[in-house]
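The values are calculated or read from the model by the stated rules, or taken from the named source; none is laboratory data. Keep in mind it's a predicted model, so treat the numbers as computed, not measured. Cβ coordinates were reconstructed from backbone atoms using ideal geometry, including for glycine residues, and neighbour counts include every protein chain displayed.
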Amino acid sequence: MISVVCVYNNRQILNNCLIKSLENQNCDYELILVDNTQNKFNSAAKALNQGGSQAQEDYIMFVHQDMELNSPTWLSDVEEMLKSMEKVGVAGVAGRKGRTPRSNMKHGKPPRSVGIFPQEGPIEVQTVDECLAIIPRCVFQENHFNEETCQGWHLYLADYCLSLKTNGYNVYVVPQSSYHLSIGDSFSDDYYQTLRKIIKKQKNNYEWIYTTTGNWHTTYPLLIQIVYNKLYRTVERIIIKLS
């Protein structure tokens, strides 16, 4: 069974998106809601670590409030899939191994595809997007989100995936159809502050860090990369829209 952990700050969005789709599932699940409507938590890592520590089931799904699972068998299907995959550290619904996004998810209004090519089975990637990630509880018990590196609301899962991969775990994108209301295109100051910390932390392990919000070289000047990534994302959106 899966424990579903969600940190929310808007009850209406939570009910209309995530809760509504969970209520249509054909299997049992444990629901753990972390209320951040009063800004109790100043970082995703802290909030999710608290929620994840309460989980009792074999797998923990950390998911955004504005996600929708597009099938009544979504949870049961993904759990069976996870059981057949090797050394699972994290499994998400959108991610990158190189420059091409891998996902069957749609996002935004009107909905548009995140990935360029349809995905038929699990694909190993470097990192997955924070909108939804499933972690075996036994893995999470030994590896919490890093509250020192990730002191805001961005890139905590990218950091988590990179660290797990250096410890021998695999990171996957599963082909589960889903919808994310947000397009996840917010780049506040804490995004780049966290990015700098991750690059410093991981530069001896990775030449490139691939995320759904940008591809980052660990030695090139960051300011130049920021300009390049903005242009690259614009071109990528055009290609996805036309594909």
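Is it the case that region 139-159 has a residue that's touching a Leu at 6+ places or on another chain (Cβ under 7 Å), assigned to a strand (DSSP E or B) and within 25 Å of E57 (Cα to Cα)?
We begin by selecting, within region 139-159, every residue touching a Leu at 6+ places or on another chain (Cβ under 7 Å); these are 143, 145, 155.
Narrowing the set further to residues that are assigned to a strand (DSSP E or B) leaves none.
No, that holds for no residue.
Name every residue in region 107-134 that is of a type in the set (G, A, S) and either touching a Ser or Thr at 6+ places or on another chain (Cβ under 8 Å) or more than 24 Å from Y8 (Cα to Cα) (or both), in order of residue number.
Start the filter on region 107-134 by keeping residues that are of a type in the set (G, A, S), which leaves 108, 113, 115, 121, 133.
Across region 107-134, the qualifying residues are G108, S113, G115, G121.
Could you please tell me which pairs satisfy a Cβ distance under 7 Å, a separation of 6+ or placement on different chains, a first residue in region 87-104 that is farther than 17 Å from T213 by Cα and of a type in the set (A, V, I, L, M, F, W, C), and a second residue that is buried (at least 24 other Cβ atoms within 10 Å of the Cβ) and at pLDDT below 95?
Correct list of pairs: empty, since none qualify.
Just checking: which of the strands (runs of 3 or more DSSP E) contained wholly in region 37-109 hold 1 or more residues that are of a type in the set (G, A, S) and crowded, with 22+ Cβ neighbours inside 10 Å?
Working: elements: 59-63, 67-69, 88-92, 94-96, 101-103.
Correct list: 88-92, 94-96, 101-103.
I'd like to know if region 70-86 contains one or more residues that are over 20 Å from S178 (Cα atoms) and in contact (Cβ under 8 Å) with a residue 40 or more places away in the chain.
Just the residues of region 70-86 that are over 20 Å from S178 (Cα atoms), to begin with: 83-86.
Add one more test, that the residue is in contact (Cβ under 8 Å) with a residue 40 or more places away in the chain, and what stays is 85-86.
For region 70-86, residues over 20 Å from S178 (Cα atoms) and in contact (Cβ under 8 Å) with a residue 40 or more places away in the chain: present.
Taking region 41-97, which residues are touching a Leu at 6+ places or on another chain (Cβ under 8 Å) and of a type in the set (D, E)?
D66, E68
Collect the residues in region 74-131 that are farther than 13 Å from C161 by Cβ and among the aliphatic types (A, V, I, L, M), keeping them in residue-number order.
Within region 74-131, L75, V78, M81, L82, M85, V93, M105, V114, I116, I123 meet the criteria.
Can you find even one residue in region 9-21 that is part of a strand (DSSP E or B) and within 20 Å of M105 (Cα to Cα)? Reasoning before the result, please.
Here is the first cut: in region 9-21, the ones part of a strand (DSSP E or B) are none.
Scanning region 9-21 turns up no residue that is part of a strand (DSSP E or B) and within 20 Å of M105 (Cα to Cα).
Looking only at region 10-52, which residues are of a type in the set (D, E, K, R) and either touching a residue at least 60 places away in the same chain (Cβ under 8 Å) or in contact with an Asp or Glu (Cβ under 8 Å, 6 or more places away or on another chain) (or both)? Explain how you work it out, then say what you get.
Step one: filter region 10-52 for residues of a type in the set (D, E, K, R), giving 11, 20, 23, 28, 30, 35, 40, 46.
Once the filter is applied, which keeps residues that are of a type in the set (D, E, K, R) and either touching a residue at least 60 places away in the same chain (Cβ under 8 Å) or in contact with an Asp or Glu (Cβ under 8 Å, 6 or more places away or on another chain) (or both), region 10-52 yields K20, E30, K46.
Can you pull out the residues in region 142-174 that are surrounded by fewer than 18 Cβ atoms within 10 Å (Cβ to Cβ) and among the β-branched types (V, I, T)?
T166 - this is the single residue of region 142-174 that is surrounded by fewer than 18 Cβ atoms within 10 Å (Cβ to Cβ) and among the β-branched types (V, I, T).
Residue by residue, here is whether (1) out of contact with any strand residue (DSSP E or B) (no Cβ under 7 Å at 6 or more places or on another chain); (2) closer than 20 Å to W74 by Cβ; (3) not charged (D, E, K, R) holds:
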site: V114; (1), (2), (3): no, yes, yes
site: E120; (1), (2), (3): yes, yes, no
site: I123; (1), (2), (3): no, yes, yes
site: V128; (1), (2), (3): no, yes, yes
site: C161; (1), (2), (3): no, no, yes
site: K165; (1), (2), (3): no, no, no
site: K197; (1), (2), (3): yes, no, no
site: T211; (1), (2), (3): no, no, yes
